[in-house]
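S.K.: Got a structure here, written out as structure tokens. Questions coming.
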Amino acid sequence: MISGSGSVATRAAEKITQLGGKVLTISDSGGSIHDPDGNDQDKINWIKQRKT
């Protein structure tokens, strides 16, 4: 689980994914995204696009 969806949080999610981990949840004050299969790079990119 990663709390936040800004640049630090998305970079942490990317690094976890690159190292073979799974980020199941990314959340901030606006809500959360939960994916039991893990948020892959495409999903992380989607989050980054929505935040900018």
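Bear in mind that the values in this text are calculations on the coordinates, not laboratory data. What you see is a predicted model, and the numbers here were worked out from it, not measured in a lab. Positions of Cβ are generated from backbone atoms using ideal geometry, with glycine treated the same way; all protein chains shown enter the neighbour counts.
S.K.: Condition first: loosely packed, with under 10 Cβ neighbours inside 10 Å and farther than 17 Å from SER3 by Cβ. Now tell me which residues in the range 18-49 satisfy that.
M.R.: Scanning the range 18-49 gives GLN18, LEU19, GLY20, PRO36, ASP37, ASP42, GLN49.
S.K.: Then there is this: Considering only residues that are in a loop (DSSP other than H, G, I, E, B), of a type in the set (A, V, I, L, M, F, W, C) and out of contact with any Pro (no Cβ under 8 Å at 6 or more places or on another chain), which ones fall in the range 14-43?
M.R.: Within the range 14-43, LEU19, VAL23 qualify.
S.K.: Return the residues of the range 1-13 that are among the hydrophobic types (A, V, I, L, M, F, W, C) and part of a helix (DSSP H, G or I); say none if nothing qualifies.
M.R.: Answer for the range 1-13, where residues must be among the hydrophobic types (A, V, I, L, M, F, W, C) and part of a helix (DSSP H, G or I): VAL8, ALA9, ALA12, ALA13.
S.K.: I'm checking my understanding of the structure. Among residues of the range 1-11 that are within 17 Å of THR52 (Cα to Cα) and of a type outside the set (Lys, Arg), which one is surrounded by the most Cβ atoms within 10 Å (Cβ to Cβ)?
M.R.: SER5
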